[in-house]
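This report concerns only the one structure given below.
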Amino acid sequence: MASIDSSLEPILARYGRAPSALLQILRDAQEAFDWISPEVRSAVAHALDIPATQIDCLTQFYAHLYDEPCGRYRVLFSDNITDRMADAPALMARMLDQFGLEPGEVSSDGLLSIATTSCTGMCDQGPALLVNNRAVTRLTPERIDALCALIRARTPLDAWPSEFFEVNDNIRRADMLLGAACASGEAIRAALARGRDGMFAEMKKSNLRGRGGAGFTTAVKWEACRDAPGEARYVICNADEGEPGTFKDRVLLQSYAGRVFEGMAIAGYVTGAKKGFLYLRGEYSYLRAPLEAKLAEMRRENLLGDAICGDPGFSFDIEIHMGAGAYICGEETALIESLEGKAGKPRIRPPFPATHGYLGQPTVVNNVETLCKATEIAIQGGVFYAGQGTQQSTGTKILSVSGDCERPGLYEYPFGVSIAQVLEDCGAENAFAVQIGGAAGCCLAPHEFDRRIAFEDVPTAGAFMVFGQGRDMFETALNFANFFEHESCGFCTPCRVGTAVIARMMNKIDAGHGARYELNELNRLDVLLRTSSHCGLGQNATMALRDMMQKFAPAFERRLSLKDFEPGFDLDAALAEARALTGRDDAAAHLGADS
Amino acid sequence: MNAPFPPRAKKRLKIATATLGGCFGCHMSLLDMDERFLERAKLVDFDRSPLTDIKHCGPCDIGLIEGAVCNAENVHVLREFRAHCRTLVAVGACAINGGLPAQRNPLDLGGLMRKVYCDRVDETAQIPDDPELPLMLDKVYPIHEIVRIDYLIPGCPPSADALWKFLTDLIEGRTPRLDYAHFRFD
């Protein structure tokens, strides 16, 4: 107990023993102790003066917090469809084999466990995995073997070859944002020169729409926050980039962090917020140290802190908060809940965060890319900005291209680019299908490749997953179904139960026991989830499934049983235990197939 | 000129009902329709049902199944109903979700049987093995995991009003629809 207290004390002190920092405290505690043991649980509960069940609430909600030991090395293979297409399952099997483990099983010496996790945002350099929250990219059989040797030798992660952790930007097409050099502080100074109202006017003229997927007009959001009554205002940068197939924010935070932070400061300047949070997904933990260094640098340059650039009325600073493996926290109100140290369950809207957000105060929540766009508008003005792209979708959009293409990576285009153009540029002319917007997006077939990326046509937060000839779209639909079952927060019944039933039916079809009945049920569940779920997760969980069932029907039909219906399990085997208990083997002790 | 559709004698519908692993509560609710039940009985004939004591089901329009699938006999009855009923309806919590009988699902069947039949002061204590007795399934299943189901009526049990509304809809050719009041119990 003494050793727990001595290791826990600095963690508690770091967060001022604030219950609202519970998630951060538990993350750090897990780093120190490998898991949240009953002793750690009660020590933290005692220190923060909160019920221990509040801790359970978090350890059970966040995928990367463990309330049972999972080994000193916790290996999680990214399980996005793009990882699977790049042979991740075979690599995982190879690793399991080397240690003689089953997925999720902890080795008897407590050394390691190997399991899967949702997309880790390394689709352009997958297959990838996380080991104790650190991303390892470009897995090959050789790399897996090397990894196994390092784990066997109990080599600390810091002593692993640094190329294992190398994350490349892979910028393939740069435009307004990725291509423009921008001196540190240039955007903030430009905004200051325009003044608060002037900067806001430029935002309005730009007609910038949010890049997180929903496409809400940024200026309207900022205005609502600015004008809402409140004791304090907040700017939150949503860097919980969890949508499978999306990784543009990772690159922006890795190589354009100054732009992101300046965008946040400008949002603070316009709305009157003095405090900003960067909510960084746990999978991107490796970015934290460089981001903290960047913040320190900006403070030294007087681009953050008090009296920014000498303006006595402009104070703003930024704090980084880490997520812990929950896709739902990309939903803005779930993110705010998580930021407040709770399980990330979406709030009821309205009221919207712009008026009642973090701690009930007016809060702007913007995507990483959106905030970068604000810096462009500060420098170049709203009219120039609005001249790019299409009428309802101004400016450029960064696409995260992955899957079956020659050149995966980031492609920045003015809005309005056709799917075919992107496919040509990334080297995927013969694509069989494209999944746009991630697992919660739509699936397009070749006859739709002349459609365009824009809010008017195909809206997207940026994911662009390419499927080549010979791919089986049922596999993708199944991967997504399992993903949504795992990521549903459990708050509302249509989504909690619906995603589970869908996953069960898809797995039943996969096992060859599905019939037309299951396809009909899936269509029915699509309507149910779409129309009655509480938040966007449930409402969009079946969008890809619906598209795939419609456009790639044979992939589903060829798996169907010849019967009208059959159970998803062997009925006769379900009697085996009773036969053994009674010693019976007569005809009535068996169940044949239904005739 | 002849009428385009010559009048046809109105067909009397045939209904069958059964209880699998259940408490007969749903059937009690059926009787709870009181005099409305008699009114309904003028329009329909009952085939296999605890109410008629007919042992096997012939061709039917509507089959109502109460209870969960607990043993081999339940499977046979359910299959017989599916084979003979145009429309098969899961009635009540046990049929739909497994209900109370499914409370044994987290428990090991062998441990359960030994506890019930062997842990007692009884010279002949043993797990019954008479071939007359249906064998227990490893788990209790909702009926839709064994056969295709067309409709379900929620409730434990569904109220007489809910059953009345649902059956009236089915008989009159409307897609059955229960309003909130029909399955709200607080």
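How about the stretch A:15-54: which of its residues are without any contact (Cβ under 8 Å) to a residue 12 or more places away in the chain and of a type outside the set (Ser, Thr, Tyr)?
Answer for the stretch A:15-54, where residues must be without any contact (Cβ under 8 Å) to a residue 12 or more places away in the chain and of a type outside the set (Ser, Thr, Tyr): A:Gly16, A:Pro38, A:Ala45, A:His46, A:Pro51, A:Ala52.
Which ranges mark the strands (runs of 3 or more DSSP E) fully within the stretch A:88-205 that have 2 or more residues being at pLDDT 95 or above and hydrophobic (A, V, I, L, M, F, W, C)?
Fully inside the stretch A:88-205 and qualifying: A:112-117, A:129-131, A:134-136.
Among the numbered conditions (1) within 12 Å of chain A (Cβ to nearest Cβ); (2) within 22 Å of B:Phe183 (Cα to Cα), tell me where B:Leu133 comes up short.
Tallying (1) within 12 Å of chain A (Cβ to nearest Cβ); (2) within 22 Å of B:Phe183 (Cα to Cα), B:Leu133 fails exactly one: (2).
I need the full set of residues from the stretch A:187-204 which are open to solvent by 70 Å² or more (accessible area, probe 1.4 Å) and either in contact with a helix residue (DSSP H, G or I) (Cβ under 7 Å, 6 or more places away or on another chain) or on the phi > 0 side of the Ramachandran plot (or both), in order please.
Listed by number, the residues that qualify are A:Arg189, A:Arg194, A:Arg196, A:Lys204.
Only residues that are in a loop (DSSP other than H, G, I, E, B) and open to solvent by 10 Å² or more (accessible area, probe 1.4 Å): list them for the stretch A:381-397, please.
A:Gly387, A:Gln388, A:Thr390, A:Gln391, A:Gln392
Take B:Val140 and tell me if it is open to solvent by less than 50 Å² (accessible area, probe 1.4 Å) and at the interface with another protein chain (Cβ under 9 Å from one of its Cβ atoms).
So B:Val140 does not fit the description; no.
For the stretch A:573-587, what are the residues that are open to solvent by 50 Å² or more (accessible area, probe 1.4 Å) and at the interface with chain B (Cβ under 7 Å from one of its Cβ atoms)?
Correct list: A:Glu577, A:Gly583.
Quick one: would you say A:Leu525 is within 14 Å of chain B (Cβ to nearest Cβ) and within 23 Å of A:Phe483 (Cβ to Cβ)?
yes
Looking at the stretch B:110-125 only, could you name the residues that are open to solvent by 70 Å² or more (accessible area, probe 1.4 Å) and within 9 Å of another protein chain (Cβ to nearest Cβ)?
Within the stretch B:110-125, B:Arg114 is the sole residue that qualifies.
When you look at A:Ala88, is it out of contact with any helix residue (DSSP H, G or I) (no Cβ under 8 Å at 6 or more places or on another chain), within 19 Å of A:His64 (Cβ to Cβ) and either open to solvent by less than 10 Å² (accessible area, probe 1.4 Å) or assigned by TED's automatic domain parsing to the domain that holds A:Cys426 (or both), yes or no?
Yes.
Those residues that are facing chain B (nearest Cβ under 7 Å) and over 24 Å from B:Arg114 (Cα atoms), I need them from the stretch A:555-572; list them, please.
A:Asp564, A:Phe565, A:Pro567, A:Gly568, listed by residue number.
What number of residues within the stretch A:1-59 are not in a helix (DSSP H, G or I) and not small (Gly, Ala, Ser)?
Of the residues in the stretch A:1-59, 9 are not in a helix (DSSP H, G or I) and not small (Gly, Ala, Ser).
The values are calculated or read from the model by the stated rules, or taken from the named source; none is laboratory data. Quick caveat: nothing in here was measured; it's all calculated off a predicted structure. So basically every Cβ, Gly included, is an ideal-geometry build from the backbone, and we count neighbours across all protein chains shown. Accessible surface areas use protein heavy atoms only, side chains included; no ligands, DNA or RNA. Shrake-Rupley method; radii C 1.70, N 1.55, O 1.52, S 1.80 Å.
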